[in-house]
Structures are given as C-alpha cells and as structure tokens.
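*Asks:* Got a structure for you, written out below as structure tokens; questions coming shortly.
The values are calculated or read from the model by the stated rules, or taken from the named source; none is laboratory data. The shown structure was predicted, so the numbers you read here are calculated from the model rather than taken from an experiment. Glycine gets a Cβ as well: all are built from the backbone with ideal geometry, and neighbour counts include every protein chain shown. Surface accessibility is based on the protein's heavy atoms, side chains included, excluding ligands, DNA and RNA. Shrake-Rupley method; radii C 1.70, N 1.55, O 1.52, S 1.80 Å.
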Amino acid sequence: MWSGPQRVTSNMHKQTAIQGQSARKTKRASQHQAYVLHQYPYSESSLILELLTREKGRIVAIAKGAKKPTSNFRSLLLPLQLLRLEYTYTESELGEIGSIRGAERAGGPATPKDEALLAGMYLNELLMRMLVRGEPHAAIFDSYHTTLHVLSHAPGAALEAVLRSFELILLRQLGMLPDLSRQTLGHDNVAPDQRYALIPEIGLHHVRDGRRSLLGQQWMDIQHALQSEQPLPECMRALGMNAVDLKPQLRAAFAHYLGGELQTQRLMRGLRSL
C-alpha cells in the first residue's frame, strides 16, 4: 500500500520559541530570493515572518521595527511579492532563526486580485503546512513563482489548471505522488482508454464507478509533464479542461496528509455560497 512520507508540521508558539533560542553561530545570507508566506506580531514594533526562499526553503525570520510608521519594511514585507533579502541567522536546537537586515523588491509578478488573490493565499497556507523548515526546494519555489505570474494576469479559465498543476508539482517534489503511468498496487501500466483515480493511501487506482477520474492517457501525459524542464506550463497543457475532475482527488490527498481542509478552502467555499 502506497503512502507518501508525512510532512505535516505542528505550529509552535512563535514568540516563546524565539525567546528560548540558544545561539551557536551567526551567519549571513545575501541576495536570497524570497516570498512572505505569513507574518505574526512580535513585541510592539516587530514581526515574525514565515518565508519561502529559493536558497534555503521555508525559514522564519524577525523583522525588527517593521511595524513602526517610519520603517521601510512596512511596504515591502508583504505576501505574494518577490523580494531580495539580506539577513543573518543562527543555528540552534530548534532550527534556524533569521533577522532581516535589508529587503528590496526583485521584480516578479504583480499582486493578484479578487479570486486569484484568494488562490494565492491558499497556496501560501498550503506551503506553510506542507513544507518542513530548512529544506531547500528550488523547483517548488520556481513553480510557485510561475504560478503567481499566471494568477497576476487575471487567469480566468486557467485558474483551476494552474492550481492543480502546482499541487501536482508540490506532491511530486515532496515524494508524495506515485508514478502516474502505472497502477500503484499492481505496478501494471495504465491503459490509455481506461479510467483511473488518485486515491489516498492507495495511489493511482483503476475505477469503474462514477467517481471523478481521468483516462489513462491523461495520467500518462501528466507524468510526462512532471518530468519536463518546465513542469508547470506543461502540466497546465496536459490537464486542459480536466482540471475540474482532478480537483476532488487532490483535495482528498492533501486532506489525508494535513488531517483536514485548510482555512482558505473554507473561506473560498463560504464566499462562493454568498
């Protein structure tokens, strides 16, 4: 029975953890590309930032004085904006804690709007829950960056395809997605004209009932896209209009690893019901 490695991390009390750090050695990072995933208040004037960096993966850092009206950080340290950071960090028993020394915008996509903005916040929460701190994933960073470009250009009908494509890449990079050209249990090649579903704890499984599924040829096209040098646009092309059928399958997979749905998923469902 196939089941990818568990990557879910529990939230710790941020301020207590940082106050309890015992520094070993201070190091400096320069010109690191980063996105802000989330922020927490820290003291009266500072912020704790959860960051996705290309070089070091998901990290946590303090931005001292970032809440002050005169701070240059106020207009820079925002979600969904590509940044170039200078920061120092220390290594301790609880991991690395950084301290932001400088930040500047590094171009990148414009901030998405409306439904695309909610989709961007969903991606941030998904990365917060799925990524272990301190593990670099350049391919995930690059796909996230490309996804935000699509979201910032009013994706319209492409919204479902780009979100499902990013989710597939995330699962593949974290070792949680089986070979999509074979049935997982029997290791038999999928038949192009038969239907298969991605089922948590089972993998890719031949189905004959009415559940959401894709043809074997479609799964093989996705497998080929994930192995390409540009997996996100290739996955979007492979999915096409079939992204809607893949959505409940991937939702079930993430719920399995995370123990339930995300807050942003509940928010988006509530807004659509208004």
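*Asks:* Let's see if you can work this out: charge +1 on each Lys and Arg Cβ, -1 on each Asp and Glu Cβ, no other charges. What is the dipole magnitude of the chain about its Cα centre, in debye to the nearest 20?
*Replies:* On the way: 32 positive and 25 negative charges, 174 e Å.
Result for the chain is approximately 840 debye, rounded to the nearest 20.
*Asks:* Additional query: Whose amide H sits under 5 Å from the amide H of V207, counting only residues 5 or more places off or on another chain, with H placed in the peptide plane?
*Replies:* Those qualifying (amide H under 5 Å, at least 5 residues apart or on another chain) are R195, Y196, A197.
*Asks:* Could you do me a favour and compute the accessible area per residue for the chain, 1.4 Å probe, result in Å²? Don't skip to the end; give the middle numbers.
*Replies:* Numbers: 13350 Å² over 274 residues.
Ligands and nucleic acids excluded, the result is 49 Å² per residue.
*Asks:* Show the residues, 5+ positions off or on another chain, whose built amide H is closer than 5 Å to the amide H of L37.
*Replies:* The answer is E50, L51, L52.
*Asks:* Once the Cα atoms of helix 216-226 and of the chain are each reduced to a long axis, what angle between those two axes, in degrees from 0 to 90 to the nearest 10, is obtained?
*Replies:* It is inclined by approximately 30 degrees.
*Asks:* Counting alpha carbon pairs within less than 8 Å and at least 6 residues apart, what relative contact order, in whole percent, applies to the chain? Don't skip to the answer; put the middle values down first.
*Replies:* Values: 495 pairs, mean separation 46.8, N = 274.
So the answer I get is 17 percent.
*Asks:* Next question, about the same structure. For region 93-199, rounded, prolate or oblate, judged on the Cα gyration tensor with a ≥ b ≥ c (square roots of eigenvalues), a/c < 1.5 rounded, else prolate if a/b > b/c? Write down the numbers at each step before the final one.
*Replies:* Numbers: a/c = 2.93, a/b = 1.44, b/c = 2.04.
The shape class here is oblate.
*Asks:* Quote the Stokes-Einstein diffusion coefficient, in whole µm² s⁻¹, for the chain, based on the Kirkwood radius over alpha carbon pairs, a temperature of 20 °C and a viscosity of 1.002 mPa s.
*Replies:* Calculated translational D: 108 µm²/s.
*Asks:* Of all the accessible heavy-atom surface of the chain, with the other protein chains kept in place and a 1.4 Å probe, what percent is carbon and sulfur?
*Replies:* On the way: 6690 of 13350 Å².
Reported share for carbon and sulfur atoms: 50 percent.
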